[in-house]
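Every read-out reported here was derived from the displayed coordinates using simple, explicitly stated rules and does not represent laboratory data. What you see is a predicted model, and the numbers here were worked out from it, not measured in a lab. Note: ideal-geometry Cβ built from the backbone for every residue, glycine included; neighbour counts use all protein chains shown.
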Amino acid sequence: MGCFSSKSADSKATRMARWRSTGIVALRDSKLKTFPDEVIDLDRSVRTLDLTHNRLVDIPMEINKLINLQRLILADNHIENLPMDLGKLQFLKVVTLDGNRITTLPDELGQLVRLEQLSISGNLLTHLPETIGSLRNLVLLNVSNNKLKFLPESIGSCCSLEELQGDGNSIEVLPASICNLIHLKSLCLNNNNLKQIPPNLLKGCKSLQNISLHGNPISMDQFQQMEGFQEFEARRKKKFDKQIDSNVMISSKGLDEGVDL
């Protein structure tokens, strides 16, 4: 038993030394039910934390000790709530929370001013905080497969946003401010309840190359009559360097059947 304990201690010490040296803590598929205390003890050393596919329910407030954390990957757990102190991790650039049970995001999320990627698909979100507009460096936002009925007006302040994924929600209307996203290249809102989109979307989003609106009650006529449609078509054709194929044409029933505009 003594040898086993010594070996176990050596193993833990070796692991801690490796984490401290590399700044990377990866404990995927480790059957963790609680947040590992030894990770918190590493405090300033941790830059990447990956606890994907475990059984975590809570994230402790003490996570705020990981002040140099840049990548937080907690996909496929059982997390229901995020601590307010998450906003103190000022160096976070990537947050991945897909496949959890999160119902709300704390307002303090807006304090993560360096955040570039936020992916929180496959959760139970009913709304996004207005403070999301403070994420001026956000390039990718993935909120697919939640329970959202709308996007906040402040989304238009995410001035660096290039990709917005919102498939599989119940979104009925888009805020007019979305037209302010001049760097937006891809907008995916398949399987929502959109009956119309802001009339200035194609004109305002001057970088838009891809719109995916499968399964929404929007007609082709509505879309083609929007100001800026010809310019959008030109960008899209330039991107793919080919004509629109017959198998991606839009049916009279709306933008569905696998259509990507």
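Label positions at Ala26 and Asn200, each projected 7 Å from the Cα along the C-beta direction, are separated by 4.7 nm.
For the chain, the longest principal axis of the alpha carbon atoms and the long axis of helix 2-22 meet at an angle near 40°. Cα-Cα over 29 Å: which of Lys31/Lys88; Lys149/Lys203; Lys33/Lys185; Lys12/Lys33? Checking Cα-Cα distances, Lys33/Lys185 exceed 29 Å.
Please give the calculated 222 nm ellipticity per residue for the chain, where each DSSP H segment of at least 4 residues contributes -39500 (n - 2.57) and the sum is spread over every residue; nearest 500 deg cm²/dmol? Computed ellipticity for the chain at 222 nm equals -5000 deg cm²/dmol.
Summing Lys and Arg as +1 and Asp and Glu as -1 over all other residues whose Cβ lies under 11 Å from the Cβ of Glu80 gives a net charge of 0. So for the stretch 122-256, taking the charge dipole from beta-carbon charges (+1 Lys/Arg, -1 Asp/Glu), which of Val139, Asn169, Asn200 sits furthest toward the positive end? Projecting each Cα onto the dipole axis, the largest value belongs to Val139.
Listed peptides 39-47, 24-32 appear in the order 39-47, 24-32 once ranked by packing, highest mean of other Cβ atoms within 10 Å at the front.
Each Lys or Arg adds one and each Asp or Glu takes one away; over the other residues whose Cβ falls under 11 Å from the Cβ of Ile132, this sums to -2. Just to confirm a number: summing +1 for Lys and Arg and -1 for Asp and Glu over residues other than Asn68 whose beta-carbon lies under 9 angstrom from that of Asn68, what do you get? Local charge sum for Asn68: +1.
For the pair Thr14 and Ile40, a Förster radius of 30 Å applied to the C-beta separation gives a FRET efficiency near 0.95, rounded to the nearest 0.05. Full extension of the segment from Lys33 to Ser207, taken as 0.36 nm per residue of separation minus the current Cα-Cα distance, would add 58.3 nm.
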